[in-house]
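Right, one structure below, let's go through it.
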Amino acid sequence: MMCSNIYYEILINVNSQIMSTPGSSSNPSEEAQSNTVSSGSQASTQPNVRAKKDPAWRYITQLDSGGGKKAYFCTFCKNTYNGGGINRMKQHLAGVPGAISACPSCPGDIKFVMKSSLDENAKKTKEKHAGVLSDTLGVNVDNMYDVIDDDDDDDVQVLTQQSTQKKDGKRKAPHASQTKTVPPFLKRGMHDPSQPSIKATLQSKERWHDTDLALAMWFYDACIPMNAVNSPLFQIAMSKVASMGHGYTGPSYHAMRVTLLKDAKQSVQLIVDSYRRYWAENGCTIMGDGWRDTRQRPLINFMVYCAKGISFIKSVDASDIESNAQTLCNLFSEIVDIVGRQNVVHLVTDNAANYKAAGRLLCEKYPSIVWSPCAAHCMNLIMKDMSEMREVADLVTLASRVTVFVYNHKWPLNWLRKRPGWTEIIRPGATRFGTAFIALKSLCDHKHDLQAMVTSPDFKKVIRLEKAKEVKLIILNESFWNNCAIIVKVMTPMLRLLRICDSDEKPALGYVYEGMYRAKKGIKKLFRNNRELYTPFTNIIKNRWDRMLRKSLHAAAYWLNPVFQYDQENFSKKPEVVGGIMDMIERYSSAGTVDGLTLMDQLKLFREHEGSFGRKLAFASRNTTRPDEWWKLHGGDAPELQKFAIRILSQTASSSGCERNWSVFERIHTKRRNRLEHQRLNDLVYVHYNLRLQNRLKDYKKSYDPIDYESIDKIEFWVVDEIPEGELNYNELENMVEEEPPNYDESMMFESQVSQDDEEDDDGAALEEIDIDSFR
């Protein structure tokens with residue numbers, strides 16, 4: 001809740017500063033303050049604080065060269081340049097030839113921002129000369145980095161809080177509580193909904209009802225999803241409207257689609273930019289996924305993952321580039337430059353041939369970046385392959401006949417719903433194979449209820465139906481229930497790994513290799529090492545894992561994860577594990593980012609529990625602390641290896657966050673008459689999806705559900721007929737697989753998945769009840 005509140009205070013404050021008139025007070029950024037002239041400068045004696053507003057001031061320091069002349073110091077190349085202004089230094093950072101030499105040390109992402117700012121300034125100057133009117137406040141806000149003033153210095157006068165004055169003329173220093181910055185938005189009419197104003201309290205119930213009804217009628221007329229009222233911004237908007245008083249009219253259609261959209265994008269961009277520090281410290285993963293919209297345009301969505309959160313970057317119309325690997329690689333390179341090539345550790349896309357080829361080309365261009373396909377997509381394909389096995393397909397067909405009968409006949413459904421502690425059998429996912437294993441688990445849980453139903457004297461009311469006779473035979477067949485229990489037990493490790501891989505809340509890369517290793521071991525143990533029984537299942541896993549997903553990065557993350565490295569009894573000794581860590585060290589060494597020999601020396605410290613790794617607390621906390629956080633706390637004696645491990649263990653293994661963005665595009669562009677050009681559509685999705693990503697910090701379960709309200713659960717296979725494929729409903733998966741609700745604290749999201757006890761104890765109990773030999 002705290003993260004969400006802080007985010008909205010920042011957003012509200014930024015909006016107020018954007019819409020404030022020139023000359024109104026605003027708070028200078030910390031970066032601008034850090035670039036002010038040191039003590040001794042004449043500006044420091046002035047009572048007011050002057051802040052630099054142009055983004056270039058973050059990396060340029062203004063000096064006094066004497067005689068009233070100005071000089072500028074570049075923090076990247078450490079050179080000093082006389083004369084000119086901030087616009088000239090911005091050209092220096094952007095590498096624009098002509099007025100000044102290009103900075104040889106400026107990072108790619110900073111260069112991109114400076115170039116964008118220059119282009120936007122040139123565009124605004126052209127529009128100004130063409131007579132384009134600015135907005136109602138005299139500010140034309142077109143881009144995330146605007147330069148409003150024509151003055152090269154581009155200073156913004158910021159008025160300090162006026163100190164109170166005593167009658168004798170002496171000034172009284174403001175109290176600490178008076179100096180806190182209160183967002184202007186909150187100052188003007190923002191009320192706590194639990195404490196309405198006196199005027200609102202005195203309104204009659206009819207008046208309240210009429211107001212609510214008018215709002216509801218607008219929702220119904222415009223087809224606005226009803227759970228839009230759950231958005232934290234909804235009450236803020238209502239309070240703001242109330243504070244305006246009688247006679248306020250809402251924004252126009254043009255303002256909503258043009259000027260306000262630009263302002264909203266600028267506000268959200270500042271939030272996204274706050275993640276750049278984490279990208280630089282711990283690295284990040286670029287997630288990209290291609291799909292087609294309602295007009296069959298091929299679009300590619302790009303997002304950036306770091307341990308602090310996911311940011312939507314852009315969506316690209318790939319009509320002319322998706323079929324060619326080289327052009328697709330060029331597009332990936334452009335996104336890498338936007339994020340900063342030194343910040344990117346991992347690129348995750350789907351496994352289509354063109355993406356695979358483009359990923360290979362990108363790795364050749366940037367040796368320190370590793371491409372891999374989406375792990376969640378690989379898990380889905382494994383489940384799909386298993387659902388197509390004859391034994392599994394026949395079992396699923398019988399199970400669907402039971403559920404179809406129950407949910408299409410009134411008496412069986414009413415009878416079951418009267419049972420104590422009854423819960424619904426259907427646990428629908430939007431994919432058939434996902435639904436199959438979830439519904440089989442649900443069916444097993446209701447075995448005794450279903451058997452009680454068909455043996456009840458009242459069942460004679462429907463026994464004359466042919467389907468009722470068939471269903472009774474299925475439910476009373478112990479072989480059916482035995483096979484259901486076996487399939488559920490086989491799929492449980494895969495479903496747990498899918499939940500780990502598809503989670504955005506915690507880095508999952510360090511758990512993929514172990515999850516696959518554990519799944520194969522668990523299946524063999526379940527079938528008591530009967531090769532004839534377990535081989536069909538393990539071959540499916542091997543084919544998808546070895547040929548599709550496994551990369552050196554996965555093995556390196558497994559080796560560096562203290563949870564597994566310090567569990568030598570179960571740690572994999574396969575050569576591919578050591579080979580993976582060696583491959584990654586060679587990659588980074590060839591890119592010049594690390595010293596390979598130094599890393600090799602420090603690997604021994606980690607493996608042998610020496611130095612800071614030998615502390616009792618380091619060993620005890622390996623299972624309760626997130627791997628990347630563990631390295632920050634206990635890797636001090638191996639600083640180079642510490643940085644290397646943190647960058648790898650802070651990454652995700654899935655691009656499923658991109659897939660969750662599909663429905664956003666569809667909902668925005670559903671109506672044919674809505675002819676938004678692609679750039680405006682991209683801006684709208686940029687604002688919408690980044691706001692939703694911030695909301696997910698507030699409620700973990702909402703962030704975990706990729707289907708949400710804009711998608712419709714498809715359950716016809718289990719109650720009527722076949723269903724098309726789609727996404728897996730992970731909330732239902734989680735509820736069905738886990739016997740106890742997961743604990744979402746900081747440390748233990750993964751602990752239940754990596755605990756050794758869950759496999760040994762649970763499997764042992766299950767093996768006593770399951771007849772393995774009857775499974776054919």
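Taking the listed residues Ser442, Ser456, Ser479, the one that is surrounded by 20 or more Cβ atoms within 10 Å (Cβ to Cβ), touching a residue at least 12 places away in the same chain (Cβ under 8 Å) and polar (S, T, N, Q) is Ser442, with no other qualifying. Residue count for segment 508-531, restricted to those that are outside any helix (DSSP H, G or I) and either of a type in the set (Lys, Arg) or in contact with a Leu (Cβ under 6 Å, 6 or more places away or on another chain) (or both): 2.
Of all residues in segment 250-277, which are within 18 Å of the chain's Cα centre (by Cα) and not small (Gly, Ala, Ser)? Result: Val268, Gln269, Leu270, Ile271, Val272, Asp273, Tyr275, Arg276, Arg277.
If you scan segment 281-301, which residues turn out to be surrounded by fewer than 19 Cβ atoms within 10 Å (Cβ to Cβ) and under 21 Å from Cys363 (Cβ atoms)? Matches in segment 281-301: Gly290 only. Return yes or no: is His346 modelled with pLDDT under 90 and either buried (at least 16 other Cβ atoms within 10 Å of the Cβ) or not aromatic (Phe, Trp, Tyr) (or both)? Spelling it out, it is not the case that His346 is modelled with pLDDT under 90 and either buried (at least 16 other Cβ atoms within 10 Å of the Cβ) or not aromatic (Phe, Trp, Tyr) (or both). Assessment of segment 313-327 against the conditions (part of a helix (DSSP H, G or I) and either surrounded by 24 or more Cβ atoms within 10 Å (Cβ to Cβ) or touching a Pro at 6+ places or on another chain (Cβ under 6 Å) (or both)) yields no matching residue. It is to be established whether one or more residues within segment 586-598 are buried (at least 19 other Cβ atoms within 10 Å of the Cβ), of a type in the set (A, V, I, L, M), outside the structural domain of Asn343 (by TED's automatic domain parsing) and modelled with pLDDT of 90 or more. No; the residues of segment 586-598 include none that is buried (at least 19 other Cβ atoms within 10 Å of the Cβ), of a type in the set (A, V, I, L, M), outside the structural domain of Asn343 (by TED's automatic domain parsing) and modelled with pLDDT of 90 or more. In summary, helices (runs of 4 or more DSSP H) completely within segment 369-488 and bearing 3 or more residues that are modelled with pLDDT under 90 and under 34 Å from the mean Cα position of the chain (by Cα) occur at 375-387, 432-445.
Exactly one residue out of Val336, Val272, Val304, Val316 is within 23 Å of Glu364 (Cβ to Cβ) and touching a residue at least 40 places away in the same chain (Cβ under 8 Å): that is Val336. As for segment 276-285, it holds at least one residue that is assigned by TED's automatic domain parsing to the domain that holds Gln679, farther than 21 Å from His688 by Cβ and either touching a Pro at 6+ places or on another chain (Cβ under 8 Å) or in a strand (DSSP E or B) (or both). Being modelled with pLDDT of 90 or more and either surrounded by fewer than 17 Cβ atoms within 10 Å (Cβ to Cβ) or of a type outside the set (A, V, I, L, M, F, W, C) (or both) is the requirement here; does Asp628 meet it? Yes; evaluated as a whole, the condition is true for this residue. Note on segment 53-149: no enclosed strands (runs of 3 or more DSSP E) hold 3 or more residues that are small (Gly, Ala, Ser) and at pLDDT below 85. Go through segment 88-123 and report how many residues are of a type in the set (A, V, I, L, M, F, W, C) and without any contact (Cβ under 8 Å) to a residue 12 or more places away in the chain. Qualifying residue count for the region: 2. Do we have Arg550 as closer than 25 Å to Met379 by Cα and modelled with pLDDT under 95 here? When the stated conditions are applied, Arg550 passes them.
The values are calculated or read from the model by the stated rules, or taken from the named source; none is laboratory data. Values in this document were obtained by computation on a predicted structure and should not be read as measured data. Neighbour counts run over all protein chains shown; Cβ positions are idealised from the backbone, glycine included.
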